[in-house]
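The values are calculated or read from the model by the stated rules, or taken from the named source; none is laboratory data. None of the values given here were measured: they were computed from a predicted structure. Glycine also receives a Cβ, built like all others from the backbone with ideal geometry; neighbour counts cover every protein chain displayed.
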C-alpha cells in the first residue's frame, strides 16, 4: 500500500499539468495506481458497499455513480479557486465512493494533483488526528456539512507552508 501511495505521488509530481482538468479516466488511473496489487477491482463498482461507522449509504447503481462523478468533475472544473477545487475533489470523490476500496486514498491524491496542476503546494493531511479526520468526513457524508473538513484542510495548508515551503 505504501509503495502504491509513493507511485501515485510520483505520478502526480511528474505529470502535474494532467490534472488542470479532471475527468473519470484520470480518476480511474489514479485509483489503479493507488490500489495496484491489492486485489481491488479498478473499475467503477457495480455493487453496494458500506462505510464503517456511519449510516450513510453511497449510491449503488453503476450508471448513477458515473453520472455523479461526471457532475463532480464538471463542478470542480468550473471553479476558479484552486483550493476550493482541491477540497471538493477530496470530499466529492470520497462521498461518491465510486470504487469498491481505496476511495479516500484516491481522493486525497486527486486533491493534491489538482493543487500541483495549478502551481500550488500539496498538503499531506498526515498530521491530522485520525479521529478528527473521520469525524469531519462522516459529518460531510451524513449532513453534507463541510465546515469541519474545510477547517482541517485550511489548517493543513498552513501546516504545509510553515513546515515544508518556508523560504
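Numbers below:
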item	result
Residue list for the stretch 18-41, restricted to those being within 15 Å of the chain's Cα centre (by Cα) and assigned to a helix (DSSP H, G or I)	19, 24, 25, 26, 27, 28, 29, 30, 31, 32, 33, 34
One residue from 83, 99 being crowded, with 16+ Cβ neighbours inside 10 Å, at pLDDT 95 or above and closer than 17 Å to residue 125 by Cβ	83
Index of the failed condition, residue 106 passing every other in (1) in a helix (DSSP H, G or I); (2) closer than 22 Å to residue 125 by Cβ; (3) without any contact (Cβ under 8 Å) to a residue 24 or more places away in the chain	(3)
Among the residues listed as 49, 12, the single one being surrounded by 12 or more Cβ atoms within 10 Å (Cβ to Cβ) and at pLDDT below 95	49
Near pairs, Cβ below 7 angstrom, 6+ apart or cross-chain, from the stretch 66-87 (free of Cβ contacts under 8 Å to residues at least 12 places away in the same chain) to any residue that is surrounded by 12 or more Cβ atoms within 10 Å (Cβ to Cβ) and outside any loop (DSSP other than H, G, I, E, B)	79/85
Subset of the stretch 124-156 that is at pLDDT below 90 and closer than 26 Å to residue 77 by Cβ - its residue that is surrounded by the most Cβ atoms within 10 Å (Cβ to Cβ)	125
Single residue of 115, 75, 93, 69 found to be surrounded by fewer than 21 Cβ atoms within 10 Å (Cβ to Cβ), modelled with pLDDT of 95 or more, in contact with a helix residue (DSSP H, G or I) (Cβ under 6 Å, 6 or more places away or on another chain) and in a helix (DSSP H, G or I)	69
Condition met for residue 31 (free of Cβ contacts under 8 Å to residues at least 12 places away in the same chain and surrounded by 12 or more Cβ atoms within 10 Å (Cβ to Cβ))	no
Odd one out for residue 33, checked against (1) touching a helix residue (DSSP H, G or I) at 6+ places or on another chain (Cβ under 6 Å); (2) modelled with pLDDT of 95 or more; (3) within 14 Å of residue 111 (Cβ to Cβ)	(3)
In the stretch 89-103, residue nearest to residue 145 (Cα to Cα) [restricted to those that are free of Cβ contacts under 8 Å to residues at least 60 places away in the same chain and over 8 Å from the mean Cα position of the chain (by Cα)]	95
